[in-house]
Protein chains: 4
Amino acid sequence: MTLHGGEGMKKVGILPNLEKDKDFAVTNRLLQYLKLKECQPCLSMKAAKLAGLEEYGCLEEELYRDSDFLISLGGDGTLLGVGRKSAPYGTPILGINLGTLGFLTAEEKNHAEYAIDKVLAGDYKMEKRMMLQATIATDMERIEGILALNDICITRGLLYKILEFNIYVNEEYVDTLRADGVIICTPTGSTAYNLSAGGPVLKADAQIIAITPISAHTLTSRSIVVSADDVVTVEINPREEADFTVSADGQDAWTLTGKKVVQVKRAKEYASIIKTNPQSFYDVLRQKLSR
Amino acid sequence: MTLHGGEGMKKVGILPNLEKDKDFAVTNRLLQYLKLKECQPCLSMKAAKLAGLEEYGCLEEELYRDSDFLISLGGDGTLLGVGRKSAPYGTPILGINLGTLGFLTAEEKNHAEYAIDKVLAGDYKMEKRMMLQATIATDMERIEGILALNDICITRGLLYKILEFNIYVNEEYVDTLRADGVIICTPTGSTAYNLSAGGPVLKADAQIIAITPISAHTLTSRSIVVSADDVVTVEINPREEADFTVSADGQDAWTLTGKKVVQVKRAKEYASIIKTNPQSFYDVLRQKLSR
Amino acid sequence: MTLHGGEGMKKVGILPNLEKDKDFAVTNRLLQYLKLKECQPCLSMKAAKLAGLEEYGCLEEELYRDSDFLISLGGDGTLLGVGRKSAPYGTPILGINLGTLGFLTAEEKNHAEYAIDKVLAGDYKMEKRMMLQATIATDMERIEGILALNDICITRGLLYKILEFNIYVNEEYVDTLRADGVIICTPTGSTAYNLSAGGPVLKADAQIIAITPISAHTLTSRSIVVSADDVVTVEINPREEADFTVSADGQDAWTLTGKKVVQVKRAKEYASIIKTNPQSFYDVLRQKLSR
Amino acid sequence: MTLHGGEGMKKVGILPNLEKDKDFAVTNRLLQYLKLKECQPCLSMKAAKLAGLEEYGCLEEELYRDSDFLISLGGDGTLLGVGRKSAPYGTPILGINLGTLGFLTAEEKNHAEYAIDKVLAGDYKMEKRMMLQATIATDMERIEGILALNDICITRGLLYKILEFNIYVNEEYVDTLRADGVIICTPTGSTAYNLSAGGPVLKADAQIIAITPISAHTLTSRSIVVSADDVVTVEINPREEADFTVSADGQDAWTLTGKKVVQVKRAKEYASIIKTNPQSFYDVLRQKLSR
């Protein structure tokens, strides 16, 4: 398995969670280590400025596109954001965990150097995780190109006004739901919000999508698991208007009103997650589920 | 069983849902019928004005306090609001349903006159439904006297930032939850939001309270059913701040931030619901649950 | 709080789980300790014989009726059996745990002497746990007096033939279910099979009963929580015959066929559980739920 | 789309449910209709004898192997049996429903002739449904070639002794469960027992398998959805012995004891279900789920 770039000095983007690596202690440590290893570390302009490391700043596009690999410094949430931004370029991500155990992060911060060594030595696995791509549309307007690595969620506004939506798979009508919302998730996202809402765990490499209602008012609603090649369409507010939010990985969000159609399908992009430790998906799952 | 007032002309408050009885057609019809029956109908000032029936307007306090009984014209939602406002006076409520089948409404609008006849003839049952009373407090501020007939819900703000809260029953620590929220409901409210969130049905006359997490991130959380005499305390944001909303029956709402304590216990007030038809709670439940 | 008997030498029944205290090591140890404390220990004839302690054997009825208190040596399952047998006499039970953490056992075996000391010194709490009483009946036959501390379960026979049953509460028809079975449980039993089947946790001292279907084929079924004063009636096989089993605490069982009616209500008996440690119900619950 | 055989007279096997078509009324009617249409109807020897139609009897192997198509007369249960027996030969099945609405049956009995006409005219769709193949093994013994169209279920024996099992996917350890059992199902079976046990709906043509625990004692267990190419291994009684039953579609069953390993993977066979009506999977699902 090979990294993004070819031979020569490796360019490595570091993406710290600004809240979790507050004084940039880990960022600095890894930056020095990368230099020692004859790599070329870089940061976003914003992070570089905040850290007083302006000489390592580079444009965001260059960071995500030209790095041989990216180091996500934070938790699964940080990595989700890095994943969405790097997906168009296929740049691999090494997740270094600053907090609690995660599904996507490869190592804890104390093992960061060890993980970097393994990556540089080519001693790692690459997991290509499927992503979702959503479009929000009415006759009048259209928001395209929403990417998600975990899930696309459609949830009601704050006031206790239930959402109504029609669900279609490949234009076949599935059901009408009255609920707090609906989650459309990848296998990667199946262990996140989907699991809290009662959905099933999807094996990480299966090519499938789960549709899970959130607190449905009709009790007969269950998760539906479809193929990654199926297109899920959600028609929101078919009869009466209510505010709602469409969010990608719970991070990018659009608050809207009126009758809208959200279409979700497999993205052509993949997130490339670097795996340096032998812990299996189920090992993490068991630990997470028992808290 | 006797009505609120004594002998003589009955005073009857009509509380229409302004959205559902748009042209006040049913309000007018029942008002005429009540006059025919030698009752004294009255409306809120606001409704009276909108309906062009100013002569029937009276002050809200008088309406809820002095009526022999109240007619709630709408659905269960309308009746919940009437229930909270009339609870301090114990005034009985006759629910006339303008929409779909409800748990609390006694009759559909076509049977409204029939139901009024039964009430005037004393041919009805009175169900006293327990209510909840909540207090929101920090060291600095205090919101008291929040009444609910269905439930007190604590839910997260719009952004996908999970709420963390500690739950106590009678000051005994129960658990720490990370969830979209928590529902504390009466038996009346057990078939509402609680049911959507996976909670159990509580028999309408049982003196109990259910505590049900909404999409908990720890999978081990379940509904806990306690006695009506137990006091439920929820400590929100014990470790980090997030916006949250406290709502009563999904209608009255307070949006707050910071570390707060919400205490919920049985209210001293009861809602007095008039029942004129023989349909049992389970009859309605079966119909509702199969849509 | 006082023990069963009055002044003078205490009679203490020891009820070991024969599989868990295989060589009667703990039985012997506690027997010696009780003698040292000037108590009069006794065993069932069967246990006494197996343990080679014939001189301590006494008739089962005397054991359960005349002991000042009983020591249940095993787990929650052992204590359930002791609870059913001692309930008619109200004899208090001290549960000494030989295996994993339990809801009903007071102490682990290493603290058994410490617990006995506390009981003899009157330094304990007594929890009176409500029990259920079931009757199985047709026109022709009648099995009465079935006692349960956890639950009465009605489950299908081994072959994959679903059970159908009608449920009534106080003769009001609730619903018809097609399921693997139904659990009717006390608060004590709510954390056992009921929890596995998706039912709610009931606070240990609440006077309530939960009715929880097992793998219901109609998705709309949920747990229903009723008052301890309500009578639950289950009419099995109303339309076609299938084998089924009625079990009490999963220990006493009757396998039957044909149309039968099972009536479950609060027993007049209570189980008196001695509590010597300060660990709360919720402490145990949290530990159990996270495995 | 073409039927099993080539040109010339069509051989059509009729497989009636002996309990549902008691006097062979529908069998006789369809047999006459097939003759009128110049087809060659045949029955199993047993059914032919019971129906007094000995001249149409043929050997079971010939029936399933040589028929151009099979008519399953009964419900989904009848068709499951026909599906397992015909799968080795790939013979298509037309399901005629004698009872309530089914997922697999194409038409109700009143439309049977209409459906036969459509099949003979080539006006139908063929759904190839994936099946499962299970092996039960210890060092000493081995039961191979168990086929299932819905599910392989491993369930505890009658007495309330919980099963313990380890689950592996492709030899990766997933979890240890203590439960009433576990269901391993195809998309076809996802709407059967799996749904009752809380599992997700799998889209009928998705190439996936769901693993769903039945009443698990560890609350953290959820359905896991894996690829059809994954191999599921269940190690039963790893620590202590308990009776258990392995069943295929709830119809073929093996009751066993001791430590055993059950391996389940996609079968090489498919069931070929003829579809003559335009009703979608979701149409049936909605009707079924609302009872």
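Where a number appears in this text, it was derived from the coordinates with a stated rule and is not lab data. As the structure is a prediction and not an experimental result, all values here were calculated from the model. Cβ coordinates were reconstructed from backbone atoms using ideal geometry, including for glycine residues, and neighbour counts include every protein chain displayed.
With the cut-off at 1.5 for a/c, could you classify the stretch B:17-88 from its C-alpha gyration tensor as rounded, prolate or oblate? Here the stretch B:17-88 falls in the rounded category.
Over chain C, what is the percentage of antiparallel beta bridges among all DSSP beta bridges, to the nearest 5? Display every interim value, and only then the final one.
On the way: 58 of 77 bridges.
Just about 75 percent of them are antiparallel.
Sorted shortest first, the separations between the residue D:65 label point and its copies elsewhere in the assembly read 6.5, 7.3, 9.2 nm; each point sits 7 Å from Cα along the Cα-to-Cβ line. Placing unit charges on the Cβ atoms only, positive for Lys and Arg and negative for Asp and Glu, gives chain A a dipole magnitude near 580 debye about its Cα centre.
Treating only the Cβ atoms of Lys and Arg (+1) and Asp and Glu (-1) as charged, compute the dipole magnitude of the protein assembly as shown about its Cα centre; round to the nearest 20 debye. Mind dumping the intermediate values first?
Numbers: 132 positive and 156 negative charges, 0 e Å.
Taking the Cα centre of the protein assembly as shown as origin, the dipole is about 0 debye.
Pairwise Cα distances in the stretch C:17-157 exceed 24 Å for 34 percent of all pairs.
For the protein assembly as shown, give the share of DSSP beta bridges that are antiparallel, in percent and rounded to the nearest 5; count only bridges with both residues there.
The answer is about 75 percent antiparallel.
In this structure, the residue pairs whose Cα-Cα separation is over 30 Å, taken from B:265/C:128; B:22/B:268; D:20/D:85, are B:22/B:268. With R₀ fixed at 51 Å, the C-beta to C-beta distance from residue C:143 to residue D:101 puts the FRET efficiency at about 0.85.
Could you tell me which GluC sites (Glu not before Pro) in the stretch C:168-277 are loop residues by DSSP with no more than 10 other beta carbons within 10 angstrom of their beta carbon?
C:171, C:240
For trypsin sites (Lys or Arg not before Pro), the sites in the stretch D:183-290 that DSSP calls loop and that have at most 16 other Cβ atoms within 10 Å are D:239, D:259.
With distances taken between every two different alpha-carbon atoms, the protein assembly as shown has a Kirkwood hydrodynamic radius of 33.2 Å.
Across the stretch A:38-52, rounded Karplus estimates of 3J(HN,Hα) from the backbone phi angles (6.51 cos²θ - 1.76 cosθ + 1.60, θ = phi - 60°) give 6, 9, 10, x, 8, 10, 5, 3, 5, 5, 4, 5, 4, 8, x Hz, Gly and Pro being marked x.
Give me the inter-chain shielding for A:275-284: mean count of other chain Cβ atoms within 10 Å, whole number please.
Values: counts 0, 0, 0, 0, 0, 4, 3, 8, 3, 0.
Rounded to a whole number, the mean comes out at 2.
Here residue C:205 and residue C:268 are evaluated by their C-beta separation; at R0 = 22 Å the FRET efficiency comes out at 0.80. Each 5 Å bin from 0 upward holds the following percent of the Cα-Cα pairs of chain C: 1, 6, 12, 16, 17, 14, 12, 10, 7, 4, 2, 0, 0.
Can you tell me the dipole magnitude for the stretch C:131-268 around its Cα centre, using point charges on the Cβ only (Lys, Arg +1; Asp, Glu -1), in Debye to the nearest 20? Walk me through the numbers on the way to the answer.
Values: 12 positive and 18 negative charges, 45 e Å.
Result for the stretch C:131-268 is approximately 220 debye, rounded to the nearest 20.
Each residue of the stretch D:161-169 was assigned a 3J(HN,Hα) from its phi angle through the Karplus curve 6.51 cos²θ - 1.76 cosθ + 1.60 (θ = phi - 60°); the sequence is 10, 5, 8, 10, 8, 9, 10, 10, 10 Hz, with glycine and proline shown as x. Net charge in the neighbourhood of residue D:262 (other residues with Cβ under 12 Å of its Cβ; Lys, Arg +1, Asp, Glu -1) is +2. What separates the Cα centres of the stretch A:186-221 and the stretch B:250-291 is a distance of 29 Å. Proximity of backbone amide H atoms, modeled 1.01 Å from N, is registered between residue C:175 and C:167 at under 5 Å, excluding neighbours fewer than 5 places apart on the same chain.
Bridging of residue D:37 to lysines at a Cα separation below 17 Å is possible for D:10, D:11, D:118, once same-chain residues fewer than 8 apart are set aside.
Once the convex hull of all Cα atoms in the stretch C:131-268 is built, its volume per residue stands at 99 Å³.
Dividing the convex hull volume of the alpha-carbon atoms in the stretch B:199-288 by its residue count gives 151 Å³ per residue. Ranked from shortest, the separations from the 7 Å Cα-to-Cβ label point of residue D:143 to its equivalents in the other copies are 2.8, 5.5, 6.2 nm. Setting aside same-chain residues fewer than 8 positions from residue A:260, which aspartates and glutamates have a Cα under 17 Å from its Cα? Output for residue A:260: A:139, A:141, A:144, A:164, A:171, A:175, A:180, A:235, A:240, A:241, A:243.
For the stretch B:80-130, the Kirkwood estimate of hydrodynamic radius, built from reciprocal distances between every pair of different alpha carbons, is 11.9 Å.
From helices alone, chain A scores -5500 deg cm²/dmol at 222 nm; the rule is -39500 (n - 2.57) for each run of n ≥ 4 DSSP H residues, then divide by the residue total. Each other copy holds its own label point for residue A:38; taking that point as 7 Å from Cα along Cα to Cβ, the gaps run 8.4, 8.8, 10.8 nm, nearest first. In order along the stretch C:89-100, the phi-based Karplus estimate (6.51 cos²θ - 1.76 cosθ + 1.60, θ = phi - 60°) of 3J(HN,Hα) comes to 9, x, 5, x, 10, 9, x, 10, 8, 9, x, 7 Hz; Gly and Pro are listed as x. For chain D, a Gaussian network of Cα nodes joined below 10 Å ranks D:66, D:249, D:21 by mean-square fluctuation, and the top entry is D:21. Projecting the Cα atoms of B:277, B:192, B:250 onto the charge dipole of chain B (Cβ charges, centred on the Cα centre) puts B:277 farthest toward the positive pole.
With the alpha-carbon atoms of the stretch C:170-228 aligned to their principal axes, the span from lowest to highest coordinate is 32, 27, 14 Å, starting with the largest.
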